[in-house]
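Okay, so here's the structure we're looking at.
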Amino acid sequence: MSIQYHYQLLKKRKLKLIYITLAFILTYFASWLPDFHLQGVEGSIISSVAAFGPLNGMILGPYIGPLVSFFGIITHVITNTSRLGDDVFLLVTPVFVMLSSLIAGLIITRREKPALYIYSTLIVLWYFFDIGRELFYLPWFHIIVLVTFIIFYKKYQHKLMHVSVYTFILLFMGSLIAVLSDHMAGNIAALLTLDLSAQLFESSVFMYPLERMILAFGAAFIMFIIVAVLQYSIIELNMGDNNIEDIKMDNLMNYAQHDVKRILEEEQDDEP
């Protein structure tokens, strides 16, 4: 229609590309962060880059976030041939982080039901295997987190109008569900592709919750800072116009969407 319209459209597309490129670069280089040397199903090392699964999902949404996570990590895996030679299982680990981004993206965009369905399905699939039935107690932490999230979300959803401790708890719980989905998907894939003993799984029963909580805390903390800055910036920018009420969002998810995910997920028509 007008030059101004096309300029704004181009500006949004450039900003979208900047967000995606930055997230990809951070995810790629995060693969060199220190790993968790904890004994578990996928070996004795859990990569810290798993924290970028829920973070990318919360920032970029359930569509672009998983893609950025997958290509960022798979690029690192392919280019780091020395590590690949020691562990071919690394080739499929980006899929688990991609799933983590999907879960977190769904939760923060208020589509928690499909996220919880996927999460619950992974828990059920564990019991389809002989080792899963033998170690029926392994997903104990997954189940506790599921029940806790449902109770918390139903009870405190109305208190998510502004950034508060409830905001951080929700981000933490959502991130925890995401990284636990990554964990359970890795367990199932290991049972399908590797010859592992029940003792190896059993050795991680009481260690994986701590490791996953650390990963979830890192993602939630970064996202909490982003949400808090966005809320403060939106209010400050509109303070002079006495128009604060017009820019208030319904809840935490919309705060994040206002500046980041709305630009990334909004479909723009080429025709004005």
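Net length available on complete extension from residue 207 to residue 29 is 61.4 nm, with 0.36 nm assigned per residue and the Cα-Cα distance removed. On the basis of the beta-carbon distance and an R0 of 45 Å, residue 195 and residue 158 show a calculated FRET efficiency of 0.35. Taking θ as phi - 60° and the Karplus parameters 6.51, -1.76 and 1.60, the scalar couplings of region 167-173 work out to 4, 5, 4, 5, 4, 5, 5 Hz in sequence order, x denoting glycine and proline.
Computed from point charges on the beta carbon alone (+1 for Lys and Arg, -1 for Asp and Glu), the dipole magnitude for region 143-225 about its Cα centre is near 520 Debye. For region 115-222, the share of accessible area belonging to carbon and sulfur comes to 74 percent (1.4 Å probe, ligands and nucleic acids excluded). Accessible surface comparison of 195, 182, probe 1.4 Å, protein chains only, largest first: the order is 195, 182.
The values are calculated or read from the model by the stated rules, or taken from the named source; none is laboratory data. As the structure is a computational prediction, the values presented were derived from the model and not from experiment. A quick note on method: Cβ atoms are made from the backbone with ideal geometry, for glycine too, and the neighbour counts reach across all protein chains shown. Protein only, heavy atoms only, side chains kept; ligands, DNA and RNA dropped before computing areas. Shrake-Rupley method; radii C 1.70, N 1.55, O 1.52, S 1.80 Å.
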